[in-house]
Amino acid sequence: MRIGIIGAGDIARGVARYALEQGHEVLLCNRSGPAKLAPIVAALGPGASGVSRAEAAAAPIVLLAVTWESVPDALTGLPAWNGRILIDATNPFLNPQHLNILDDLGGRMSSEIVAHLAPGARLVKAFNTMFASKLAQGPRPRAGTRRVLFVSGDDAAAKTTVTNLIESFGFAAVDLGDLKVGGRMQEAKTAPLAGPDFLLPD
């Protein structure tokens, strides 16, 4: 598959590595442009390339992994989504250096805001509950166990695609239901599922 990644931080690079190991093509972008991504692309190796934001967003599956303040700029001005899958890995931290300070969303969930900014996308919430350090350590911290990544979304087929992708990386994917219920369970700092290192037996 071709997987576009909007963002080039720790989560973005972690997902990119797992995708490349499975033979997928990864298209990364950031706000500084493809030239600035050259060292990251070189470190990731064959199958990775630095592209424009529009090119990354044109992939059949797109991972959004940027800071919360960057979400509007990352999603504004893109071509119509037309049913492509958007994986929302964002958390509404006002300052990524201080994870105890959340944006006031007025009662809305962060994925509701992301979905509003990407009309026509089939949004799946995933990769936002695990710290980047745990993601980098791999799916199997000890024999016979797998780390859990949670998914939620309103489109069953899109959720299945993302679930299969996560499982192919070696992680255990747990479906929390639709965005109204599952998305709230995944919200950073407001739900017990965000942060702990959950494991399931093989």
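Of note:
- Apportionment of accessible area to carbon and sulfur, the stretch 1-98, percent (1.4 Å): 54
- Per residue, the solvent-accessible area of the chain (1.4 Å probe, heavy atoms of protein chains only, all protein chains present) comes to 46 Å².
- Applying 1/(1 + (r/R0)^6) with R0 = 30 Å to the Cβ-Cβ distance of Ser133 and Thr160 gives a FRET efficiency near 0.60.
- Length gained on full extension, Glu112 to Leu200: 28.8 nm, using 0.36 nm per residue less the C-alpha separation.
- Approximate spin-label separation Thr76-Asp104, in nm, with each point projected 7 Å along Cα-to-Cβ: 2.2
- Asp178, Asp73, reordered so the largest accessible area comes first (probe 1.4 Å): Asp73, Asp178
- Rounded if a/c under 1.5, otherwise prolate or oblate - the stretch 41-92, Cα gyration tensor axes: oblate
- Computed from the C-beta positions of Arg142 and Lys36 and an R0 of 30 Å, the FRET efficiency is 0.20 to the nearest 0.05.
- Model label points for Val181 and Glu25, set 7 angstrom from Cα along the Cα-to-Cβ axis, are 3.9 nm apart.
- Seen from Val114, the other residues with C-beta closer than 9 Å to its C-beta sum to a net charge of -1, counting Lys and Arg as +1 and Asp and Glu as -1.
- Global geometry of the stretch 28-159, whether rounded, prolate or oblate, following the gyration tensor of its Cα atoms and the 1.5 cut on a/c: rounded
- Antiparallel DSSP beta bridges within the chain, percent to nearest 5: 25
The values are calculated or read from the model by the stated rules, or taken from the named source; none is laboratory data. Every value quoted in this text rests on a predicted model; they were computed, and no experiment measured them. Heads up, the Cβs are rebuilt from the backbone with ideal geometry, glycines too, and the neighbour counts pull from every protein chain shown. Accessible surface areas use protein heavy atoms only, side chains included; no ligands, DNA or RNA. Shrake-Rupley method; radii C 1.70, N 1.55, O 1.52, S 1.80 Å.
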